[in-house]
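Report on the structure given below.
Each reported figure results from applying straightforward, stated rules to the coordinates on display, with no laboratory input. Note that the structure is a prediction, hence the values are computed from the model and not measured. No Cβ is skipped: glycine too gets one built from the backbone with ideal geometry, and neighbour counts run over all protein chains shown.
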Amino acid sequence: MAGSKTSYTKKKGETICGYVAQGLPLTEACKKAKVNYNTANRWKWKDSPQFQRDFADSLARAWKDHATATLWEIARIEQGILDGEIEPRQGEKVIKSMQWRCEKMNRQLFGEKIDINTTSKEIKVLDVTERAAKLASIMARADGNNETPKKKLETPPNVIDISPNSE
């Protein structure tokens, strides 16, 4: 609905984002700000007016701010464990829960990193038919059948294998 009137105001957006930064879920932040949750979601996802894109950006910053504040809280709990004020098992459970929330709130900053680097110097183009025949032979031996399959396997002509241990 291009050009339709919206109920968004910068003040409402800032209020919601403030509650989110304090750790409230968006549903609860909307209740406290007296804004319908579905309306806030429309503001968050709408592609049109600039102030609505600003709301989405502000909301993302609020989640990041909360995740960062949660890390400081984790550090406080760790210190409590070290000082003997918090029982280690209880502290560990709370910390794990907080770490999980941080990861969900900001995967880019707090999520698990996956290394996709390879040590291979080259990328080989494989003859898929030959590779498939080799695999069929290995599978036949695993089943106790030492014979090479008689039927030629139908496979696409080219596949690129980028694994570092490829032959």
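What to note about this one:
- Estimated FRET transfer efficiency (E14, K113; beta-carbon r; R0 45 Å; 0.05): 0.85
- Residues K64, K96, K31, ranked from the fewest to the most other C-beta atoms within 10 Å, line up as K96, K31, K64.
- Annotation: extensible slack from K34 through E92 equals 17.2 nm (criterion: 0.36 nm per residue apart, minus Cα-Cα distance).
- Exceeding the 22 Å Cα-Cα cut-off - candidates K12/K64; K31/K93; K12/K104; K11/K64; K12/K96; K11/K104: K31/K93; K12/K104; K12/K96; K11/K104
- As a proxy for reagent exposure, ranking V20, V94, V35 by other Cβ atoms within 10 Å from fewest up yields V94, V35, V20.
- Altogether, the Stokes-Einstein calculation at 37 °C and 0.692 mPa s, with the Kirkwood radius of region 10-110 over Cα pairs as Rh, returns a diffusion coefficient of 222 µm²/s.
- Ranked list, fewest to most other Cβ atoms within 10 Å of each Cβ, for F55, F110: F110, F55
- Summary value for region 10-110: 24 percent relative contact order, contacts being C-alpha pairs under 8 angstrom separated by 6+ residues.
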